[in-house]
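Data first, discussion second: the structure below is written as structure tokens.
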Amino acid sequence: MKANQLILQNLLDINPRSGIIKLHDKRMGLISVEALGILRNDLIDTLGKERTKGFLMRYGYACGKRAAESIKKRYDWESIEELMLSGTVMHTLEGIVTVDPDILEINNDHLYLTGYWKNSFESTNHIAENEIGNEPVCWTLIGYASGYLTYVFDKEVIVYEKSCRGKGDAECYFVAETVAHCDETNLLDLRYYQSESMQSVLDDIYAEIEQLNNNIIESEEIQNQLTELFLEDKDINDITQTIGTILGRSIIIDHYDEVYSSYFESVEEQMAYKKWKASGVITNQQNELFFESFLIKSDKVLLGNLMVIGEQKLNQREQMIIKRALLVFTIQMYHQRKLTESLWSKREDFFNEMIENKIMDENILNRQAAIFGFNINEPHRIIAIKVIPQKMKDRVLHVLTNKHPTFDLFLKDNYIVIIIAKIEDQDIENISDKLMNDIKASLPDIIVHIGSGRLVDSVYKLRESYVDAKRICDFVQLTYPVSSRQATYKDFEGIMMFLKGADHEELLMFYMKTIGSLVKYDEANSGSLLITLKSYLDNNGNLQQTADDLHLSIAGLRYRIEKIESLSDIDLKTGSGRFNGQLATRIYFGLKVMGS
């Protein structure tokens, strides 16, 4: 007998009077594959995915084994290969799946069989009812093939899917191989063939439910304990230490690069966290430690991040406790945020009114200044900072607040404004450089422009320093739009006085005569020849320094200089020509930032 001689009509015995259908003298029953799909889904909902997989694989194994017993006895087979292939034919005739064998190799006690499962009812039902998963789903087919081949070959055979439509593959492709010759990774499914009584399944489910209930009760008690600490006005460090002690794990609360609170189980874990943070690589495991992260957020507002470090991943109990703790951390950090925002708002209002000279009553001024620790009797100056992109200014403000907690910082007119006391001209440049370096160290991809105003001896003159700082900041942005720079009032004091005292019409005529054509060319062509001229003059005609500033080649810079000389009334080879160019560009940018 050959496998291809199996014909459904010859195998079935249908008695229309009794309604009995027999296949090889074994009674059969017609049932829709939709009903099998419903049964499968109900089993998953009741027993869980893993137990259902084992149940269906054992069911398929039993069906395959009985089919092999029946067909082996009924016919005289030409060869063992034909008997094996008859199993694929039987599977197809039963309407379960279309089997298309690919490779069949038998070598003594080694069996290797592969093929395609087409029209698998299991993958079709799974795709219709569930999302595409990440593992094969034809569990009954796997069991059937394993049971059939094990009986026929008289050696234990395991079947697995190399690809499956249920996990997003184009087709279902199976591999059958004797257990003795199979890779260990493919032997894991053997555990599913170990029979489980329904009582043991129910006992396990009951134990899981009981454990889950205990975890819920414990997590609620811990949440109440943490809430009590919050209501007692305990610091966030107390709550962090409590949760860390309960779990026996290191806990860190951070936001961006700032650590709000931390509890470390050991010095080794503290060093591991610092190394993990410094690496800048987001990974869940490093140096045999697990790093698990949870967002602390309220209504889409990110308040921080909770990091848990341990030698093992969090189990179900620990995850439930962390989720409860997150609620308390969220409430506490949101409450603290609102208090801080309220204080910041009042500080901003005070400094704004002081700069705008809106507080005329000296008693009120003294009283409000005392509240915010501001000494109105000292000389002060203003620093103005612009950030590109502008949406990052809050992050920059956050960085500077942490780096310089004694500075008076606030936002005004799209600038970050800093009021500094007693800083002389020779020191303000160092402070501006320090501010820029601090910002770039934390946020390397942004561009920062800094301008510092004059030192004033009275708070009623702060507006003058503020206007200076804004203008200088704008000047720096205009002249160096793609790089971070800073400038001080001392750098611009002469030109500022000159611009304020001179006739603006004469100044306009001078710069228009000198660089007017250059300005028009840049405006018409979105060019940067004016920036190139200023950089060249600022670097005293040094080609290499200018090229480095503008990220140009020397040849490219020479071309630009020739173009500048051809468009303007400037001879850059002479001292007077360079002086006129320097004065004209300063007048142009100075008038631009002054709004003239």
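The values are calculated or read from the model by the stated rules, or taken from the named source; none is laboratory data. All values derive from a computational prediction rather than experimental measurement. Neighbour counts run over all protein chains shown; Cβ positions are idealised from the backbone, glycine included. We work out accessible area using only protein heavy atoms, side chains counted, and drop any ligands, DNA or RNA first. Shrake-Rupley method; radii C 1.70, N 1.55, O 1.52, S 1.80 Å.
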For the subset of segment 443-468 comprising residues that are of a type outside the set (S, T, Y), in contact with a Lys or Arg (Cβ under 8 Å, 6 or more places away or on another chain) and outside any loop (DSSP other than H, G, I, E, B), which member is farthest from L411 (Cα to Cα)? V456
Considering K65, K49, which residue is open to solvent by 70 Å² or more (accessible area, probe 1.4 Å), at pLDDT 90 or above and out of contact with any strand residue (DSSP E or B) (no Cβ under 7 Å at 6 or more places or on another chain)? K65
What are the pairs with Cβ atoms under 6 angstrom where one residue, in segment 171-187, is open to solvent by less than 40 Å² (accessible area, probe 1.4 Å) and the other, located anywhere, is part of a helix (DSSP H, G or I) and basic (K, R)? Sequence gap at least six, or different chains. C172/R165
Could you say whether any residue in segment 260-281 is in contact with a helix residue (DSSP H, G or I) (Cβ under 9 Å, 6 or more places away or on another chain) and either among the charged types (D, E, K, R) or under 30 Å from L111 (Cβ atoms) (or both)? yes
When you look at N437, is it more than 29 Å from the chain's Cα centre (by Cα) and without any contact (Cβ under 8 Å) to a residue 12 or more places away in the chain, yes or no? no
For the list (1) in contact with a Phe, Trp or Tyr (Cβ under 8 Å, 6 or more places away or on another chain); (2) without any contact (Cβ under 8 Å) to a residue 24 or more places away in the chain, I need the number of the one condition that E341 fails. (1)
Give the residue that is nearest to E429 (Cα to Cα), with candidates limited to residues of segment 389-403 that are in contact with an Asp or Glu (Cβ under 8 Å, 6 or more places away or on another chain) and open to solvent by less than 40 Å² (accessible area, probe 1.4 Å). L400
Is it the case that some residue within segment 275-288 is under 27 Å from P444 (Cβ atoms), modelled with pLDDT of 90 or more and not in a loop (DSSP other than H, G, I, E, B)? no
Residue among G556, G595 that alone is under 47 Å from the mean Cα position of the chain (by Cα) and at pLDDT 85 or above: G556
Scan (1) under 38 Å from the mean Cα position of the chain (by Cα); (2) at positive phi for the single condition K422 breaks and write down its number. (1)
Does K386 satisfy the criteria of being open to solvent by less than 70 Å² (accessible area, probe 1.4 Å), in contact with a helix residue (DSSP H, G or I) (Cβ under 6 Å, 6 or more places away or on another chain) and among the basic types (K, R)? yes
Quick check on segment 108-129. Is at least one of its residues surrounded by fewer than 15 Cβ atoms within 10 Å (Cβ to Cβ), more than 24 Å from E34 (Cβ to Cβ) and among the aliphatic types (A, V, I, L, M)? no
Scan segment 249-281 for residues that are open to solvent by 40 Å² or more (accessible area, probe 1.4 Å) and over 24 Å from the mean Cα position of the chain (by Cα) and jot them down. Y263, F264, E265, V267, E268
Taking segment 347-380 as the region of interest, how many residues are touching a residue at least 40 places away in the same chain (Cβ under 8 Å), among the β-branched types (V, I, T) and in a loop (DSSP other than H, G, I, E, B)? 1
Test S79 against the criterion of being modelled with pLDDT under 90 and either open to solvent by 10 Å² or more (accessible area, probe 1.4 Å) or touching a Leu at 6+ places or on another chain (Cβ under 6 Å) (or both), and give yes or no. yes
Residues of segment 348-376 being of a type in the set (S, T, N, Q), loosely packed, with under 15 Cβ neighbours inside 10 Å and within 12 Å of L462 (Cβ to Cβ), in sequence order, are N357
Note on segment 292-335: residues open to solvent by 60 Å² or more (accessible area, probe 1.4 Å), assigned to a helix (DSSP H, G or I) and hydrophobic (A, V, I, L, M, F, W, C) are L327, I331
Out of curiosity, is D361 in contact with a strand residue (DSSP E or B) (Cβ under 8 Å, 6 or more places away or on another chain) and of a type in the set (D, E)? no
Inside segment 18-32, can you point out the residues that are touching a helix residue (DSSP H, G or I) at 6+ places or on another chain (Cβ under 7 Å) and open to solvent by less than 50 Å² (accessible area, probe 1.4 Å)? L23, H24
Examine segment 301-309 for a residue that is at pLDDT 85 or above and either among the polar types (S, T, N, Q) or over 24 Å from D238 (Cα atoms) (or both), and state whether such a residue exists. yes
Inter-residue pairs, beta-carbon under 7 Å, first touching a residue at least 60 places away in the same chain (Cβ under 8 Å) and within 17 Å of T330 (Cβ to Cβ) and in segment 207-236, second open to solvent by 80 Å² or more (accessible area, probe 1.4 Å) and in a helix (DSSP H, G or I), 6+ apart: Q223/L327; F230/I331
Taking the options I383, I388, I331, name whichever one is in contact (Cβ under 8 Å) with a residue 12 or more places away in the chain, of a type in the set (V, I, T) and closer than 30 Å to L226 by Cβ. I331
